[in-house]
Amino acid sequence: MNTLYRITRLFKDREETSDHAKMPELKTRYYQSMFNAVFRKASSLANDTSIITRIIRTDKERGEILAEAKYRNHTFDVVLTMIPIEPTVTTFDILCTIKNRKADLGKNYTVITAILKEMDQKFPSSK
């Protein structure tokens, strides 16, 4: 993560993945796996990673999981969204917001990349 990126984060408190992300690390993931498998793995992230501390709510019908993450004495709200595109392809997006601060200085980016690293190890990409 470069210095210019950190400067642009001075007044923002959230980060998200998308198809049109400027940084390749923050692009939407397309996993070559069924929705149920991706949702199960995302639901178990609190047990598998040190960054996600607890799962607050899961809504399988909407494909969303609300979780809480901790990184360097800061707390984050994380929304994990999964959408089945085809029977064996599922998209995976993350929205991360730092709590009680106006700027994140790249910490949301760190939380997102840690979660994506865990998911990328488990599922092959379809793109």
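The values are calculated or read from the model by the stated rules, or taken from the named source; none is laboratory data. Bear in mind that the values here come from a model prediction, so they are computed numbers and not experimental data. When we count neighbours, we look across all protein chains shown, and the Cβ atoms used for this are built from the backbone with ideal geometry, even at glycine.
Just one of (1) over 19 Å from Asp13 (Cβ atoms); (2) assigned to a strand (DSSP E or B) fails for Ala69. It is (1).
The residue pairs whose first member lies in segment 81-94 and is closer than 7 Å to Met34 by Cα, whose second member is acidic (Asp, Glu) and at pLDDT below 95, and whose beta carbons are closer than 6 Å, counting only pairs six or more residues apart or on different chains, do not exist in this structure. Evaluate the following for Arg62: is it assigned to a loop (DSSP other than H, G, I, E, B) and more than 20 Å from Pro124 (Cβ to Cβ)? Taking the combined requirement at face value, the residue satisfies it. Condition first: crowded, with 19+ Cβ neighbours inside 10 Å and modelled with pLDDT under 95. Can you find one or more residues in segment 78-92 that meet it? Checked against the condition, which is being crowded, with 19+ Cβ neighbours inside 10 Å and modelled with pLDDT under 95, segment 78-92 yields no hits at all.
Taking the listed residues Ser43, Ser33, Ser18, the one that is among the small types (Gly, Ala, Ser), loosely packed, with under 13 Cβ neighbours inside 10 Å and farther than 20 Å from Leu105 by Cβ is Ser18, with no other qualifying.
Remark: pairs (first residue in segment 61-76, among the polar types (S, T, N, Q); second residue assigned to a loop (DSSP other than H, G, I, E, B); Cβ separation under 7 Å; 6+ apart in sequence or on different chains) = Thr75/Lys99. Sort out which residues of segment 98-126 are under 15 Å from Met23 (Cα atoms) and of a type in the set (Ser, Thr, Tyr), and write them in order of number. Matches in segment 98-126: Tyr109, Thr110, Thr113.
Note on segment 22-37: residues that are within 13 Å of the chain's Cα centre (by Cα) and of a type outside the set (Ser, Thr, Tyr) total 4. Reported count of residues in segment 14-40, each being charged (D, E, K, R), modelled with pLDDT under 95 and touching a helix residue (DSSP H, G or I) at 6+ places or on another chain (Cβ under 8 Å), is 4.
Please determine whether any residue of segment 94-105 is on the phi > 0 side of the Ramachandran plot, at pLDDT below 95 and in contact with a Ser or Thr (Cβ under 8 Å, 6 or more places away or on another chain). Checked segment 94-105: at least one residue is on the phi > 0 side of the Ramachandran plot, at pLDDT below 95 and in contact with a Ser or Thr (Cβ under 8 Å, 6 or more places away or on another chain).
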